[in-house]
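What follows draws every value from the coordinates through simple rules; no lab data is involved. Computed from a prediction, not measured in an experiment: that's the story for all the values here. Every residue, glycine among them, receives a Cβ derived from its backbone with ideal geometry; neighbour counts consider all protein chains shown.
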């Protein structure tokens, strides 16, 4: 059987294009499983997975948990809010205590960029990064690219615009890495204050006008304004942001072609996307949610074959 070139999924940056294609082909098989009456396979029956979340999460955590249950893994759920972390326990001590319970894999979300990379150098269990600070969110990028592939047949040659708060988004960075590795053209669009200074060095186009970005792209991946990560005001008000960067059905109808709308969630309806755009025929947002389970099943299954 083909194997991934990595022991952990810490970021898209570490994956080869062949790794991504292997994850997609495995996810294709699991998507077929998920359409059956009995949606469970015994693939990870002897594997114990700990979901270790130091940051709030709904969609990602539920998606991973469902993926693990569909694969018949044993699951431990850990939330920092009700743990000894609040008493001053270190990250390494917390994880080592979990590993002492004979855990094989750890799915971790952490507010600090690089936290899963740090752990990977100190523990033997496989680690899946479920989001680290404003750094990476690899499974979200994989499910986004998988959804584009499902819609168009391939990702290569497609024009993808990532629109919104690029500066504070781990989804944006992982998406740029994944899309570039798969041969897509990528543009980022948003207010200048929400675009990182180095962004053009990643080989992406930069556009400040959302109408021009939409006219250029085949797919618009719209990101929310991450107010919880902003230490200062980057634009006058949400109302003004919506006025210049909000996407609604009326704006989409002015385009001379059909484009696809994506969003990693949660949507701030009426800010970056109106309800009539989010719920329109342009949108594949619910497909992304469905594909997230299949992609995470594929990642867990492939990494489990590399457990030490």
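Mind checking the angle between helix 285-304 and the chain's longest principal axis? C-alpha axes, 0 to 90 degrees, to the nearest 10.
30
What residue among 157, 190, 246 shows peak mean-square fluctuation when the chain is described by a Gaussian network model with Cα springs under 10 Å?
157
Given 10 Å bins starting at zero, what is the percent of C-alpha pairs of the chain in each, up to the one with the largest pair distance?
Calculated over all Cα pairs of the chain, the distribution is 6, 28, 34, 23, 9, 1 percent.
Between residue 238 and residue 211, what is 0.36 nm times their sequence separation minus the Cα-Cα distance? Round to one decimal in nm.
7.9 nm
What whole number of Å gives the distance from the Cα centroid of the stretch 140-169 to the Cα centroid of the stretch 190-228?
The stretch 190-228 and the stretch 140-169 have Cα centres spaced 13 Å from each other.
Fully extended, how many nm does the chain gain between residue 46 and residue 197 (0.36 nm per residue separation, minus their Cα-Cα distance)?
Gain on extension, residue 46 to residue 197, equals 49.7 nm.
Which value in deg cm²/dmol, rounded to the nearest 500, describes the helix-derived mean residue ellipticity at 222 nm for the chain, given -39,500 (n - 2.57) per DSSP H run of n ≥ 4 and division by the residue count?
Result for the chain: -11500 deg cm²/dmol, rounded to the nearest 500.
Name the most mobile residue of 129, 268, 291, meaning the one with the largest mean-square fluctuation, in a Gaussian network model of the chain with Cα contacts below 10 Å.
The residue with the greatest mean-square fluctuation here is 268.
Between residue 113 and residue 38, what is the label-to-label distance in nm when each label sits 7 Å out along the Cα-to-Cβ direction?
Calculated label separation equals 4.7 nm.
Using a simple spin-label model with points 7 Å from Cα along the Cα→Cβ vector, what separation in nm is obtained for residue 251 and residue 92?
Rounded to a tenth, the inter-label distance reads 4.7 nm.
Counting pairs of Cα atoms in the stretch 138-288, how many percent are more than 28 Å apart?
Cα-Cα pairs in the stretch 138-288 separated by more than 28 Å: 10 percent.
Can you tell me the 0 to 90 degree angle between the C-alpha axis of helix 138-152 and the longest principal axis of the chain, rounded to 10?
That helix lies at roughly 60 degrees to the long axis.
Compute the acute angle (0 to 90°) between the alpha-carbon long axis of helix 17-34 and the principal axis of greatest extent of the alpha-carbon atoms of the chain; round to the nearest 10°.
With both axes taken from Cα atoms, the answer is about 80 degrees.
Among 138, 264, 196, determine the one that fluctuates most according to a GNM of the chain built with springs between C-alpha atoms less than 10 Å apart.
Per the Cα network of the chain with a 10 Å cutoff, 196 tops the list.
As an exercise, find the ratio Rg/Rh for the stretch 1-97 from alpha-carbon atoms, using the Kirkwood inverse-distance average for Rh.
Rounded to two decimals, Rg over Rh is 1.02.
What share of Cα pairs, in percent, lie more than 15 angstrom apart in the stretch 123-166?
More than 15 Å apart: 59 percent of the Cα pairs in the stretch 123-166.
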